[in-house]
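Peer 1: Let me begin by handing over the structure; questions about it come next.
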Amino acid sequence: MALIAKPLRQRLEAWCAAAALALFGALPADWASAVGGGLARWIGPRLKVSAMARRNLARAFPAMDRGEIETVVREVWDNLGRVVAEFPHLEWLRAHRVEVVGGEHVRALRDDGQPGLFVAAHLGNWELAGASVVAEGLPIVLVYRSANNPWVEKLYRRYRAAAAAGQIAKGPEGAREILQVLRGGGHVGLLVDQKMNDGIAVPFLGRDAMTAPAVGRFAARFNCPVVVARMERLKGAHFRLTFQPAPIPPVTGNAHRDTLALMTALNDLIGGWVRDRPGQWLWLHKRWPQN
């Protein structure tokens, strides 16, 4: 019975997700964003997972009082709801609502004849970063965490297709695919701010966090440039995307030490972005070993 129930439940979830995205797609982008944000802002803080966000915020910002934490939690849900509702409008938003700063760093990677890495975080509407790189004439392959529901996974991949030249799901097979892309002189984009259980311990917002070492290892192995992309939601469905070279520490030749140094520098940089706009980051997951 359970074997039958799970596929049916997953199909129902996928149908609901498809219907919601179709509805958001039928609305103008600003309306979709506002509706998605409003619904999530109303429902999200009441969900059990918001307790995780409250604990994370209290530990990262000890000076925040309960009222300030609740304000940030509502902002987190508002931003997440907007990201979902903006999914069907990615290409339009990229063309009309993204102010790009530092685009010359993308064009430099496009023209240097080397493989390269892009690093971003779950800030603002992070899905727009890849689309903006593609718009600069640089095909980019995005690495992502696949959905548990295979039908929802197909839906996400379809909507994200315009924002990337290719998509690679995280995992052992994904790591091999990334190697193939980089060996061929391609460019890969990774989000590096989520917990990886078998990663390396790197400080993030004042506490050690298990961090995926892939960027550091690939950068050392291919001696390739790394560009970071900071996405900010300015107001509603308006954004600023800032590209800059990653703060790469001096190379020592020790692979573990060099990887740790680069990931520490990246975590410091992303942590600064989060402190600047805490309501635009995903505080809803177990980023640290003890939550």
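Peer 1: Would you check if there is a residue in region 184-196 being over 21 Å from V133 (Cα atoms) and not in a loop (DSSP other than H, G, I, E, B)?
Peer 2: Yes, there is a match, as at least one residue in region 184-196 is over 21 Å from V133 (Cα atoms) and not in a loop (DSSP other than H, G, I, E, B).
Peer 1: Looking at V76, V83, V35 in this structure, which one is assigned to a helix (DSSP H, G or I), touching a Phe, Trp or Tyr at 6+ places or on another chain (Cβ under 8 Å) and surrounded by fewer than 17 Cβ atoms within 10 Å (Cβ to Cβ)?
Peer 2: Exactly one residue qualifies, and that residue is V35.
Peer 1: Could you list, in sequence order, all residues of region 262-271 that are surrounded by 22 or more Cβ atoms within 10 Å (Cβ to Cβ) and closer than 18 Å to L123 by Cβ?
Peer 2: Residues satisfying the conditions are M263, L266, I270.
Here is a yes/no grid of residues against (1) at positive phi; (2) among the polar types (S, T, N, Q); (3) open to solvent by less than 50 Å² (accessible area, probe 1.4 Å):
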| residue | (1), (2), (3) |
| --- | --- |
| G171 | yes, no, yes |
| V181 | no, no, yes |
| P213 | no, no, yes |
| V226 | no, no, yes |
| H238 | no, no, no |
| P245 | no, no, no |
| I248 | no, no, no |
| L260 | no, no, no |
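Peer 1: Checking the conditions here, which among F239, F243, F204 is over 30 Å from A34 (Cα atoms) and of a type in the set (F, W, Y)?
Peer 2: From the options F239, F243, F204, the qualifying one is F204.
Peer 1: Are there any pairs with C-beta distances below 9 angstrom linking a residue in region 277-290 that is over 18 Å from L47 (Cα atoms) and hydrophobic (A, V, I, L, M, F, W, C) to a residue that is open to solvent by 10 Å² or more (accessible area, probe 1.4 Å) and not in a loop (DSSP other than H, G, I, E, B), with the two at least 6 apart or on different chains, and if so which?
Peer 2: W288/R59; W288/K195; W288/R207; W288/D208; W288/M210
Peer 1: So, in region 41-64, how many residues would count as being open to solvent by less than 80 Å² (accessible area, probe 1.4 Å) and either outside any loop (DSSP other than H, G, I, E, B) or farther than 16 Å from L282 by Cβ (or both)?
Peer 2: Number of matching residues: 13.
Peer 1: Okay, next question. Do any strands (runs of 3 or more DSSP E) lying entirely in region 97-160 carry at least 3 residues that are crowded, with 16+ Cβ neighbours inside 10 Å, and which ones are they?
Peer 2: Of the strands (runs of 3 or more DSSP E) lying wholly inside region 97-160, those with at least 3 residues that are crowded, with 16+ Cβ neighbours inside 10 Å span 116-120, 141-144.
Peer 1: Here's a check for you: in region 228-254, which residue that is more than 19 Å from the chain's Cα centre (by Cα) and aliphatic (A, V, I, L, M) is modelled with the highest pLDDT?
Peer 2: Checked region 228-254; the qualifying residue modelled with the highest pLDDT is I248.
Peer 1: So if I check each of W283, W288, W273, which one is at pLDDT 90 or above and farther than 26 Å from E136 by Cα?
Peer 2: W283
Peer 1: Can you work out which of the residues in region 1-32 that are open to solvent by less than 60 Å² (accessible area, probe 1.4 Å) and at pLDDT below 85 is farthest from W92 (Cα to Cα)?
Peer 2: This residue is A5.
Peer 1: Working carefully through the options Q194, Q167, find the one that is crowded, with 17+ Cβ neighbours inside 10 Å, closer than 19 Å to L284 by Cα, modelled with pLDDT under 90 and not charged (D, E, K, R).
Peer 2: The conditions single out Q194.
Peer 1: Just to be sure, is V133 under 24 Å from R277 (Cβ atoms) and either without any contact (Cβ under 8 Å) to a residue 24 or more places away in the chain or in contact with a strand residue (DSSP E or B) (Cβ under 9 Å, 6 or more places away or on another chain) (or both)?
Peer 2: In short, yes.
Peer 1: Hey, does region 76-87 have a residue that's on the phi < 0 side of the Ramachandran plot, at pLDDT 95 or above, in contact with a strand residue (DSSP E or B) (Cβ under 8 Å, 6 or more places away or on another chain) and among the hydrophobic types (A, V, I, L, M, F, W, C)?
Peer 2: yes
The values are calculated or read from the model by the stated rules, or taken from the named source; none is laboratory data. Remember, it's a predicted structure, so these values are computed and weren't measured experimentally. Backbone-built Cβ (ideal geometry, glycine too); neighbour counts: all protein chains shown. These area figures cover heavy atoms from the full protein model, side chains too; ligands, DNA and RNA do not enter into them. Shrake-Rupley method; radii C 1.70, N 1.55, O 1.52, S 1.80 Å.
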